[in-house]
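The values are calculated or read from the model by the stated rules, or taken from the named source; none is laboratory data. Computed from a prediction, not measured in an experiment: that's the story for all the values here. Methodologically, a virtual Cβ is constructed for each residue, glycine included, from the backbone with ideal geometry; neighbour enumeration extends over all protein chains shown. What goes into the accessible areas is simple: the full protein's heavy atoms, side chains included, and nothing from ligands, DNA or RNA. Shrake-Rupley method; radii C 1.70, N 1.55, O 1.52, S 1.80 Å.
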Amino acid sequence: MADPPSTLLDTDSDEELPAGWEERSTNDGRVYYANHQDQTTTWVHPRTGKRKRITGELPFGWTKAVDDKGRQFFVDHLKKRTTYTDPRLAFAMEESADPSKLAQRFDAYSTALHVLQGRDLSGQYAIVTGANSGIGFEAARSLALHGVHVVLACRNLKSGNDAAGRIRKELDQAQVVVMHLDLASLRSIKQFAQNYILRDWPLHMLICNAAVFGLPWQQTEDGIEMTFQVNHVGHFYLVNLLTEVLKKSAPARIVIVSSESHRFIDFYSSKLDMNEVAVPKEKFWPILAYGRSKLANILHSNELNRRLSSHNVTCNALHPGNMIYTGLGKNWWFYRLLWHLVRPFTKSAQQGAATSIFCATARELEGVGGMYFNHCCACMPSDEAQSEELGAAMWELTEKILKEALNKNVL
């Protein structure tokens, strides 16, 4: 197979490469530069110092293939030729050195399928918690339709199997597996993690999506307030149990679904204690309990990124959208009525899943973590959510809560 010269598509004249240099790309779209004189490579343009990445779909008539040595090449079916040079190379986009200034490619109207348009994610493995309905289902569905092997981690197995069936009906080759996971039970979380590890699968995306809202005060079987355990402690434990799998699968990403509700909560001090995050029954208010758990989500995400980014495992948190019509508001008639009334003015579940999918798959977020996203765009969370001291304190407190519960139950 002949390889046409790399000048098949000329770059802009003001970014012309010096003599002896060649522009190339990796399988995941990152552009690098090879110096044939001294046999070195660099990620930045030798003259401009810019970094670039290839995005978007292949031109009409082009497909990707892999040769017998595992190298990716491109086939132009219209002109009957092949090349190892990505035809999109000339249109690669500049990457910002500051991840907080990423160019916005999507907005509030974008869907998860829009975010994934043109992507082939075959060979990737993902877990989506709460994937039987709503945003979680749309996230799992969108990934599966683009080649990802997706585990639907669900408390209700019947509902989970129904969801998997709907995905397979849409694409019979979809690789979807349903596994039982009840975040209100540390025993269930441990069993789920052990079952996943025994399958010897890698894990490239862990989307912590499941949540409860509007529950009255109640304790789980582990003696932890229900909203705080399902929304925060359960996911904290799950990530801890799967951390080694994520490291071995690197690059890997953790995505934690939070909420703008985190902005209405103040812990006032980095010296946290149980009275501040798990309010006793007589002072309990469901909306504040939800907000506390969502602030804990962002603190957890940022602290995870600080601890794991050196292992090429990154973590970002996000807000999916305001009052999206899912099962989240089912626990009280008032919430159900309110969700029904605002439904025409809010995002669909497909739109709500867009930011989760963006955080899990966007090329520009490779190696980027510790951020908070809304409408697929990086934004600043509350001052408390950005506090490293508070993040470390929340981590320590959650570990203490877990240790006490695990010792009590002797799992």
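Scan segment 137-170 residue by residue and report those that are of a type in the set (Ser, Thr, Tyr) and more than 15 Å from the chain's Cα centre (by Cα). Before you say what the answer is, go through the steps one by one.
As a first pass, look at segment 137-170 and keep what is of a type in the set (Ser, Thr, Tyr): 142, 159.
Result: Ser159, single match.
Can you pull out every residue in segment 375-395 that is in contact (Cβ under 8 Å) with a residue 60 or more places away in the chain and not hydrophobic (A, V, I, L, M, F, W, C)?
His375, Pro381, Ser382, Glu384, Gln386, Ser387, Glu388, Glu389, Gly391
Can Glu170 be described as out of contact with any Gly (no Cβ under 7 Å at 6 or more places or on another chain), open to solvent by 70 Å² or more (accessible area, probe 1.4 Å) and over 20 Å from Gln351 (Cα atoms)? Walk me through how you get there before you give the answer.
Details: out of contact with any Gly (no Cβ under 7 Å at 6 or more places or on another chain): yes; open to solvent by 70 Å² or more (accessible area, probe 1.4 Å): yes; over 20 Å from Gln351 (Cα atoms): no.
No, not satisfied.
Could you please tell me which pairs satisfy a Cβ distance under 9 Å, a separation of 6+ or placement on different chains, a first residue in segment 139-166 that is closer than 12 Å to Thr129 by Cα, and a second residue that is open to solvent by 30 Å² or more (accessible area, probe 1.4 Å) and part of a helix (DSSP H, G or I)?
Val150/Arg141; Leu152/Asn161; Cys154/Asn161
Is there any pair linking a residue in segment 117-130 that is assigned to a loop (DSSP other than H, G, I, E, B) to one that is open to solvent by 50 Å² or more (accessible area, probe 1.4 Å), with Cβ under 6 Å and at least six apart or on different chains, and which?
Gly118/Glu57
Kindly provide the set of residues from segment 249-264 that are surrounded by fewer than 21 Cβ atoms within 10 Å (Cβ to Cβ) and either modelled with pLDDT under 80 or among the basic types (Lys, Arg) (or both), ordered by number.
We begin by selecting, within segment 249-264, every residue surrounded by fewer than 21 Cβ atoms within 10 Å (Cβ to Cβ); these are 249-251, 260-261, 263-264.
If the condition is that a residue be surrounded by fewer than 21 Cβ atoms within 10 Å (Cβ to Cβ) and either modelled with pLDDT under 80 or among the basic types (Lys, Arg) (or both), then Arg263, Phe264 are the ones that fit.
Kindly provide the set of residues from segment 57-81 that are assigned to a loop (DSSP other than H, G, I, E, B) and open to solvent by 40 Å² or more (accessible area, probe 1.4 Å), ordered by number.
Restricting attention to segment 57-81, the residues satisfying the condition of being assigned to a loop (DSSP other than H, G, I, E, B) are 57-61, 67-71, 77-80.
Listed by number, the residues that qualify are Glu57, Leu58, Pro59, Phe60, Asp68, Lys69, Gly70, Arg71, His77, Leu78, Lys79, Lys80.
In segment 1-41, which residues are at pLDDT 80 or above, open to solvent by 40 Å² or more (accessible area, probe 1.4 Å) and β-branched (Val, Ile, Thr)?
Matches in segment 1-41: Thr40, Thr41.
Within the group Thr55, Thr48, which residue is among the hydroxyl-bearing types (Ser, Thr, Tyr), in contact with a helix residue (DSSP H, G or I) (Cβ under 9 Å, 6 or more places away or on another chain) and closer than 21 Å to Arg105 by Cα? Working first, answer last.
On the way: Thr48 fails: closer than 21 Å to Arg105 by Cα.
None of the others qualify; the one that does is Thr55.
Just for segment 204-229: of the residues that are in a helix (DSSP H, G or I) and without any contact (Cβ under 8 Å) to a residue 60 or more places away in the chain, which one is most open to solvent (accessible area, probe 1.4 Å)?
Residues of segment 204-229 that are in a helix (DSSP H, G or I), as a first pass: 226-229.
Checking which are without any contact (Cβ under 8 Å) to a residue 60 or more places away in the chain leaves us with 226, 229.
On the way: Met226: 32, Gln229: 0 Å².
Selected residue: Met226.
Output the residues belonging to segment 277-321 that are among the β-branched types (Val, Ile, Thr) and touching a helix residue (DSSP H, G or I) at 6+ places or on another chain (Cβ under 7 Å). Break it down into steps so the answer makes sense when it comes.
Taking segment 277-321 as the starting set, the residues that turn out to be among the β-branched types (Val, Ile, Thr) are 277, 279, 287, 298, 313-314.
Val277, Val279, Ile298, Val313, Thr314, listed by residue number.
Collect the residues in segment 193-203 that are acidic (Asp, Glu) and either buried (at least 20 other Cβ atoms within 10 Å of the Cβ) or outside any loop (DSSP other than H, G, I, E, B) (or both), keeping them in residue-number order.
Hits for segment 193-203: nothing passes.
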